[in-house]
1. Scan the range 139-166 residue by residue and report those that are more than 19 Å from LEU42 (Cα to Cα) and touching a strand residue (DSSP E or B) at 6+ places or on another chain (Cβ under 6 Å).
2. For the range 51-69, enumerate the residues that are surrounded by fewer than 15 Cβ atoms within 10 Å (Cβ to Cβ) and either over 24 Å from ARG129 (Cα atoms) or free of Cβ contacts under 8 Å to residues at least 40 places away in the same chain (or both).
3. Go through the range 9-38 residue by residue and tally those that are closer than 18 Å to ALA161 by Cα and open to solvent by 20 Å² or more (accessible area, probe 1.4 Å).
4. SER7: of a type in the set (Gly, Ala, Ser) and at pLDDT below 90, yes or no?
5. Six or more apart or on different chains, Cβ atoms under 8 Å: show the pairs whose first residue is in the range 138-165 and without any contact (Cβ under 8 Å) to a residue 60 or more places away in the chain and whose second is open to solvent by less than 50 Å² (accessible area, probe 1.4 Å) and of a type in the set (Asp, Glu).
6. Tell me, yes or no, whether the range 61-83 has at least one residue that is of a type in the set (A, V, I, L, M, F, W, C), more than 30 Å from VAL138 (Cα to Cα), assigned to a strand (DSSP E or B) and at pLDDT 85 or above.
7. How many residues, within the range 133-177, are within 21 Å of ASP85 (Cα to Cα), part of a helix (DSSP H, G or I) and open to solvent by 50 Å² or more (accessible area, probe 1.4 Å)?
8. Being surrounded by 11 or more Cβ atoms within 10 Å (Cβ to Cβ) and modelled with pLDDT of 85 or more narrows it down to one of GLY110, GLY128, GLY97, so name that one.
Amino acid sequence: TDQHAASGPAVLVAYGSKRGATAEIAGAIADELERCGIAAELADAGTVKDLSPYDGVVLGSAVYMKRWRPEARRLMRRLEHDLGDRPLWMFSSGPVGEAETDPAWCEPPGVLKRAQRMNLRDHVIFGGRVPQDPANFVERAMLRDTPADKQDLRDFDEIRAWADDIARTVARTVAPVPTG
């Protein structure tokens, strides 16, 4: 993405993912931003050191019992100090099964409260995926109790459409840096 940085806007797509499903969502977002001509850097939230190269941030996390992953919450706290007036988009992933998605259960209240103090443009909830190789009792129960056709509720068309909206907003609102 470095060759794009000089010519156009760049967006950080950071994620907190326990079992890889949220990382795959973030990857689809980064790929769509790139397809739309926006330089995108994909990074685990725990590895982000410097925000200065970016004109905007997309931050997402898996949600377990109304809580984001610790590395995503830590980056969120840093963003509060380092984001400035850059736009922020957030996504949560996690709901699976047959129940209708209940935002009160899926939206992390502390993270959203913090985001409201920043330049938050949007927060969306994407469906999640039940781990196919369960590592503990809870994951085994989820796999056992969730019908096969409800075990992966990620809608990649919806995810790409959301990323496309972000790309249009970034292209429209981020002024190119004059050269020469």
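1. Selection gives ASP152 alone.
2. SER52, PRO53, MET65
3. Count: 7.
4. yes
5. none
6. no
7. Adding up the residues that qualify gives 5.
8. After applying the criteria, what remains is GLY128.
The values are calculated or read from the model by the stated rules, or taken from the named source; none is laboratory data. Every value quoted in this text rests on a predicted model; they were computed, and no experiment measured them. Neighbour counts run over all protein chains shown; Cβ positions are idealised from the backbone, glycine included. Side chains are part of the model used for accessible areas, which takes the heavy atoms of the whole protein and leaves out ligands, DNA and RNA. Shrake-Rupley method; radii C 1.70, N 1.55, O 1.52, S 1.80 Å.
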